[in-house]
1. Name the residues in region 61-88 that are at pLDDT 90 or above and assigned to a loop (DSSP other than H, G, I, E, B), would you?
2. Quick one: would you say VAL50 is under 11 Å from ILE3 (Cβ atoms) and modelled with pLDDT of 90 or more?
3. Out of curiosity, is THR57 farther than 14 Å from LYS97 by Cβ, buried (at least 16 other Cβ atoms within 10 Å of the Cβ) and either touching a His at 6+ places or on another chain (Cβ under 8 Å) or at pLDDT below 90 (or both)?
4. Output the residue which, of all residues in region 1-47 that are small (Gly, Ala, Ser) and closer than 16 Å to HIS61 by Cα, is nearest to the chain's Cα centre (by Cα).
5. Restricting region 3-33 to residues that are surrounded by 13 or more Cβ atoms within 10 Å (Cβ to Cβ) and small (Gly, Ala, Ser), which is farthest from THR90 (Cα to Cα)?
6. What number of residues within region 1-60 satisfy the criterion of being out of contact with any Lys or Arg (no Cβ under 9 Å at 6 or more places or on another chain) and assigned to a helix (DSSP H, G or I)?
7. What's the number of the condition LYS2 fails, among (1) out of contact with any Pro (no Cβ under 6 Å at 6 or more places or on another chain); (2) charged (D, E, K, R); (3) on the phi < 0 side of the Ramachandran plot?
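The values are calculated or read from the model by the stated rules, or taken from the named source; none is laboratory data. Computed from a prediction, not measured in an experiment: that's the story for all the values here. Note: ideal-geometry Cβ built from the backbone for every residue, glycine included; neighbour counts use all protein chains shown.
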Amino acid sequence: MKILAIDLGKYNSVACFFDTATNPSEFEPIATQGWALDQLLNQTRPDQIVIETSSITGWVHDFDQSLGYPVLVANPSAEAWRWKNVKGKTDKDDALKLGKLTALEQVSAVHIPVAQHSWRSSGLDSGRH
């Protein structure tokens with residue numbers, strides 16, 4: 001299985017492409033913008049995308065799903081995410097751990113509502129009540 005694990009940042013993210021058949025991992029820094037995600041997905045054609053929950057998870061999830069990719073949103077507060085006695089944790093470390101936990105089916109997933117039914121598209125955030 002080809003897994004694309006993305007450690008999301010507000011402006012820049014780190015993508016880890018992890019192939020469970022051959023076990024190598026490749027990293028690529030990307031801009032956290034639709035065009036950059038689209039380019040990355042066209043290059044890698046992953047079987048599964050996995051991201052952590054964050055303030056930008058919603059639009060990234062919806063964008064990736066709109067292109068036909070399955071997206072798993074991980075809950076980083078689960079026990080498997082505990083970084084005990086680790087110094088110098090990096091975005092690459094997070095992305096790789098996200099990919100490996102997905103391969104081992106140890107990701108605690110978070111439900112993301114369908115885009116048309118979520119608050120992001122309901123008009124609630126537009127100031128109209």
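1. LEU67, GLY68, TYR69, PRO70, listed by residue number.
2. Values: under 11 Å from ILE3 (Cβ atoms): yes; modelled with pLDDT of 90 or more: yes.
Criteria met by VAL50.
3. On the way: farther than 14 Å from LYS97 by Cβ: yes; buried (at least 16 other Cβ atoms within 10 Å of the Cβ): yes; either touching a His at 6+ places or on another chain (Cβ under 8 Å) or at pLDDT below 90 (or both): yes.
Against the criterion (farther than 14 Å from LYS97 by Cβ, buried (at least 16 other Cβ atoms within 10 Å of the Cβ) and either touching a His at 6+ places or on another chain (Cβ under 8 Å) or at pLDDT below 90 (or both)), THR57 qualifies.
4. At the first step, the residues of region 1-47 found to be small (Gly, Ala, Ser) are 5, 9, 13, 15, 21, 25, 31, 34, 36.
Next, only the ones that are closer than 16 Å to HIS61 by Cα stay: 5, 9, 13, 15, 31, 34, 36.
Working: ALA5: 5, GLY9: 10, SER13: 10, ALA15: 8, ALA31: 14, GLY34: 13, ALA36: 14 Å.
Top of the filtered list is ALA5.
5. Out of the qualifying residues, it is ALA31.
6. 12
7. Here LYS2 clears every test but (1).
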